[in-house]
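Peer 1: My questions all concern the structure below.
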Amino acid sequence: MNEDTAAMTAAQELAGRLGPNLVVMSGPAYQDTRRLWNGAVTSRPAFVVRARTQDDVQAALDTARRHDLPLSVRAGGHDWAGRSLRHNGLVIDLTGMRQVTVDAETRVAAVGGGATATDVIAVSAPHGLSAVTGTVGSVGMAGLTLGGGYGPLSGRFGLAVDNLLSADLVLADGRSITVDEDHEPELFWAIRGGGGNFGVLTSMRVRLHAVDRLLAGLIVYPWAQAAKVLDQLSQILIAAPDELTVQTVILTGPGGAPALFVVPAWSGDPAAGEAHVEELQRLGTPALTQVGPMTYGDLLHLNDAQGEVTGRHYAARTRTVSRLTADVVAAFVEAGDTVTTPLSGVPIHHFHGAAARVPVESTAFGIRQDHLMAEIVAVWEPGDGTPHRTWADSVADALAPDALPGGYPNMLGPRDHAQIAGAYGPNAARLLAAKARFDPDGVFSATPLPPTAAN
Ligand SMILES: Cc1cc2nc3c(=O)[nH]c(=O)nc-3n(C[C@H](O)[C@H](O)[C@H](O)COP(=O)(O)OP(=O)(O)OC[C@H]3O[C@@H](n4cnc5c(N)ncnc54)[C@H](O)[C@@H]3O)c2cc1C
């Protein structure tokens, strides 16, 4: 039996179990699953299972294993490398599992495996509560959380993964299991930073926080001031209180030239935040300032508006630096000077405070010292991406001498071998042992893991 026939047989068998609407090999539903944030991804899965329940996920996994089909999990569709679509494989699409419920008394949300940050905030905000999410609303909460999850509340409450209380998983052997600190603690440790390498997360419980409104927004500096602003920002980021997390973004500004966006999010007492925000406005002469009280949902929306366009072509590199040294500032200025399209950019995430106080060995996430994580994102309209990829590579290369080993697994591409080897820091051996124990046949391939002696 060739690959196509095996997939066809598997799809028919599964359609008999789940119903033909949930198992699709073509048509609009199939194309919806294939439509990722990164339009450059061309993989064509053999078929898609549009799961609605944990039973659907178990049935899909069982079929993939019996027919020896490669498997992937698709949720928010924002992995830039397109790992959610396995070419000629079976895709478990969780976008029908976006339900979120909130227990306002215990401040816990139950979040479906396909829910986005916007889904979670929409249900928690009416209770005056927020989850720790990333900066963009349409990113999948599970994918973000399992890989780490940098966001506007990270300084105060840690990464998204530090707020994961438990997870319902379907494992490679088909078992469904709930993991937390007391139940399969080693697996719970591994999924907190080890990404989707251990199972399909169908639901998770996440801690919520009493954050209703933030003092947040944008301060946009003209590019000519970038070096001076970044230089002065360095000390502010180092000394920032937990309540202040500042994202800095090199992006095309309102006038069409590169600009430096300083994006503060103050989650503490608003009166105490004013002085911090004003300090950020005095780093130069802003071309635009749009800072004020806003809901968490408004902040996500504001970020969504800054270049979050599904279907363009993207390539990304990442570097993690401990601070904005003179050489790092020079590399970022060079990035803006040489950018090849007005769509490309470099968001720089601020990791400090509560996120940095979590002991590195307590979760699989590998870098817990204060740092800045740069996403170097080349963006172009469909066409030849070579010059734009080259730009991203050159920015990554320029930052390399000052970078910490490794990098953020959610942003590493499959070919970033040296960085992958260091991405989990002191946790690499333990993570690989967990992979060998819970997924010995490598059913799940997700964020890259370091090489083993066997591979
Ligand atoms: C525009 C944009 C903004 C971003 N902003 C941030 C940010 O602010 N902070 C940050 O930390 N990261 C950020 N990221 C990175 C993002 O967290 C990762 O790309 C994440 O994997 C996206 O998850 P997804 O569900 O949207 O993607 P998908 O492509 O659907 O999934 C990616 C992979 O995650 C795994 N996965 C997803 N859901 C599940 C599940 N339920 N069970 C098991 N495995 C699962 C699978 O391995 C899957 O292949 C951003 C990415 C983009 C494109």
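Peer 1: Kirkwood hydrodynamic radius of the chain from all distinct Cα pairs, in Å? Please list the in-between numbers first.
Peer 2: Working: mean 1/r = 0.0449 Å⁻¹.
Radius from the Kirkwood sum: 22.3 Å.
Peer 1: Right, next: From the phi angles alone, apply the Karplus equation (6.51, -1.76, 1.60; θ = phi - 60°) to the stretch 345-360 and give each ³J(HN,Hα) in whole Hz, x where the residue is Gly or Pro.
Peer 2: Once θ is set to phi - 60°, the couplings for the stretch 345-360 become x, 9, x, 10, 8, 9, 10, 6, x, 4, 5, 7, 8, 6, x, 4 Hz.
Peer 1: Kirkwood Rh over alpha-carbon pairs of the stretch 234-318, then Stokes-Einstein at 25 °C and 0.890 mPa s: what D in µm² s⁻¹, rounded to an integer?
Peer 2: 168 µm²/s
Peer 1: On a C-alpha basis, how far is the centre of the stretch 340-406 from the centre of the stretch 184-204 in Å? Whole number, if you could?
Peer 2: Using only Cα atoms, the two centres lie 24 Å from each other.
Peer 1: A follow-up question, please. So for each of 59-66, 321-328 I average, over its residues, the number of other beta carbons within 10 Å; can you give me the resulting order with the highest mean first?
Peer 2: The packing order, highest mean first, is 59-66, 321-328.
Peer 1: When N is the residue count of the stretch 97-145, what does its C-alpha Rg come to as a fraction of 2.2 N^0.38 Å? Mind showing how you got there, number by number?
Peer 2: Values: Rg = 9.7 Å, N = 49, 2.2 N^0.38 = 9.7 Å.
For the stretch 97-145, the normalised Cα radius of gyration comes out at 1.01.
Peer 1: If you find the alpha carbon centre of the stretch 413-455 and of the stretch 50-75, how far apart are they in angstrom?
Peer 2: Taking the Cα centre of each part, the stretch 413-455 and the stretch 50-75 sit 22 Å apart.
Peer 1: About its Cα centre, what dipole magnitude does the stretch 3-93 give when the only charges are +1 on Lys and Arg Cβ and -1 on Asp and Glu Cβ, stated in debye to the nearest 20?
Peer 2: Numbers: 11 positive and 10 negative charges, 42 e Å.
Value, rounded to 20: 200 debye.
Peer 1: Can you compute 3J(HN,Hα) from phi for each residue in the stretch 254-260, using the Karplus curve 6.51 cos²θ - 1.76 cosθ + 1.60 with θ = phi - 60°, rounded to whole Hz and x for Gly and Pro?
Peer 2: Those phi angles translate into x, x, x, 9, x, 8, 10 Hz.
Peer 1: Still on this structure, please answer the following. Counting pairs of Cα atoms in the stretch 3-93, how many percent are more than 22 Å apart? Walk me through the intermediate numbers first.
Peer 2: Values: 712 of 4095 pairs.
That fraction is 17 percent.
Peer 1: Let me ask something additional. Calculate the dipole size of the stretch 213-418 relative to its Cα centre from +1 charges on Lys and Arg beta carbons and -1 charges on Asp and Glu beta carbons; express the result in debye to the nearest 20. All intermediate terms of the calculation are to be shown ahead of the outcome.
Peer 2: Working: 11 positive and 22 negative charges, 32 e Å.
Magnitude of the dipole: close to 160 debye.
Peer 1: Over the alpha-carbon set of the stretch 332-455, work out the extent along each principal axis and list the three values in angstrom, largest first.
Peer 2: Taking the Cα atoms of the stretch 332-455, the three principal extents are 46, 35, 23 Å.
Peer 1: If you count, for each residue, the other Cβ atoms within 10 Å and average over each peptide, how do 435-446, 248-259, 340-351 line up from highest to lowest?
Peer 2: Numbers: 435-446: 16.5, 248-259: 18.8, 340-351: 22.2.
Ranking, from highest mean packing down: 340-351, 248-259, 435-446.
Peer 1: Relative contact order for the chain: what is it in percent, counting Cα pairs under 8 Å that are at least 6 residues apart? Could the numbers behind the result be given before it?
Peer 2: On the way: 1065 pairs, mean separation 72.4, N = 455.
Contact order relative to length: 16 percent.
Peer 1: A follow-up question, please. In debye to the nearest 20, how big a dipole does the chain give about its Cα centre with +1 on each Lys and Arg Cβ and -1 on each Asp and Glu Cβ? Numbers along the way, then the final one.
Peer 2: Numbers: 32 positive and 46 negative charges, 113 e Å.
Value, rounded to 20: 540 debye.
Peer 1: Shifting gears a bit: Between the stretch 261-338 and the stretch 222-241, how far is it from one alpha carbon centroid to the other, in angstrom?
Peer 2: After rounding, the separation between the Cα centres reads 11 Å.
Peer 1: Would you kindly compute the Cα radius of gyration of the stretch 356-413 and its largest Cα-Cα separation (Dmax), both in Å?
Peer 2: Using the Cα atoms of the stretch 356-413, the pair Rg, Dmax is 14.6, 45 Å.
Peer 1: Then there's this: Based on Cα coordinates alone, diagonalise the gyration tensor for the stretch 100-210, multiply each eigenvalue by 5, take square roots, and list the semi-axes in whole Å, largest first. Don't skip to the answer; put the middle values down first.
Peer 2: On the way: eigenvalues 94, 39, 33 Å².
The three semi-axes for the stretch 100-210 are 22, 14, 13 Å.
Here, each number is a calculation from the coordinates, and none is a lab measurement. As the structure is a prediction and not an experimental result, all values here were calculated from the model. No Cβ is skipped: glycine too gets one built from the backbone with ideal geometry, and neighbour counts run over all protein chains shown.
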